[in-house]
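K.L.:
Below is one structure. I have some questions about it.
Read the figures in this text as sums done on the coordinates, not as results from a lab. Computed from a prediction, not measured in an experiment: that's the story for all the values here. As a convention, Cβ positions derive from the backbone with ideal geometry for all residues, glycine included, and neighbour counts pool all protein chains shown.
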Amino acid sequence: MTSGVSAPRRSAAEQRKLDAALTELFEQRISFNRTLGLKVLRLGPRGPQLRFAMRPELVGHFLYGRLHGGVISATLDAMAGLAIMVALGEKHADETSDQVMQRFARLGTIDLRIDYLRPGIGMHFTASAEVLRLGGRVGTAQMRLVDDADRLIATGAAAYMLS
């Protein structure tokens, strides 16, 4: 039986600290994300978003300048991981940013499916994700990647080990 009293939520300052730590983790500390050029657009309650610019290093089809399928897959995997991290932060809103960041140590992809819907052609691409379930050991998410004209390029579904 619960007492009906919710645990205290972290302060606004502590939430900003967590958001900054997540952004630094994704943009700087994960080397492959840095190679892809992933930038965090938002982390808030509307769901996280990432963006990256098209560059010659990301081309998969040299004749048409299309985005490489591996870049699409890696971006959607990273996007879902970020969404799971944000959801964990909300689930444990009574914890400090340092405590929440420790929860990410064992996070890992256990299943990933990508559906390529149209060629990735554009100046930049934006990824988003929705967490469908966040259990004690496994979290699942659905992801989307759109081009700079907001056309859907790819979708994905993934499962992540949480502990």
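K.L.:
For Glu57, Glu27, what's the fewest-to-most ordering of other Cβ within 10 Å of each Cβ?
P.N.:
By the 10 Å Cβ count, ascending, the order reads Glu57, Glu27.
K.L.:
Pop out the ³J(HN,Hα) list for the range 131-145 in order, Karplus 6.51 cos²θ - 1.76 cosθ + 1.60 with θ = phi - 60°, rounded to Hz; leave Gly and Pro as x.
P.N.:
With coefficients 6.51, -1.76 and 1.60, one gets 7, 8, 8, 10, x, x, 10, 9, x, 10, 8, 10, 10, 9, 10 Hz.
K.L.:
Based on the alpha carbon coordinates of the chain, what radius of gyration and maximum Cα-Cα distance (Dmax) apply, in Å?
P.N.:
16.6, 64
K.L.:
Another one. Let me check against my output: what whole-number percent is the relative contact order of the range 12-161, with C-alpha pairs under 8 Å and at least 6 apart?
P.N.:
Once divided by the residue count of the range 12-161, the mean separation gives 24 percent.
K.L.:
Which angle between 0 and 90 degrees, to the nearest 10, do you get for helix 69-91 versus the longest principal axis of the chain when only C-alpha atoms count?
P.N.:
Between helix and principal axis, roughly 10 degrees.
K.L.:
Place the peptides 87-94, 73-80 in order of packing, highest mean first, counting for every residue the other Cβ atoms within 10 Å and averaging per peptide.
P.N.:
73-80, 87-94
K.L.:
Can you run phi through the Karplus equation (6.51, -1.76, 1.60; θ = phi - 60°) for the range 17-29 and list ³J(HN,Hα) in whole Hz, with x for Gly and Pro?
P.N.:
Once rounded to whole Hz, the list reads 5, 5, 4, 5, 5, 4, 4, 5, 4, 6, 8, 10, 7.
K.L.:
Would you kindly derive the ³J(HN,Hα) couplings of the range 114-126 from the backbone phi angles with the Karplus curve 6.51 cos²θ - 1.76 cosθ + 1.60 (θ = phi - 60°), listing them in order in whole Hz, with x for Gly and Pro?
P.N.:
10, 10, 8, 9, 7, x, x, 10, x, 7, 8, 9, 10
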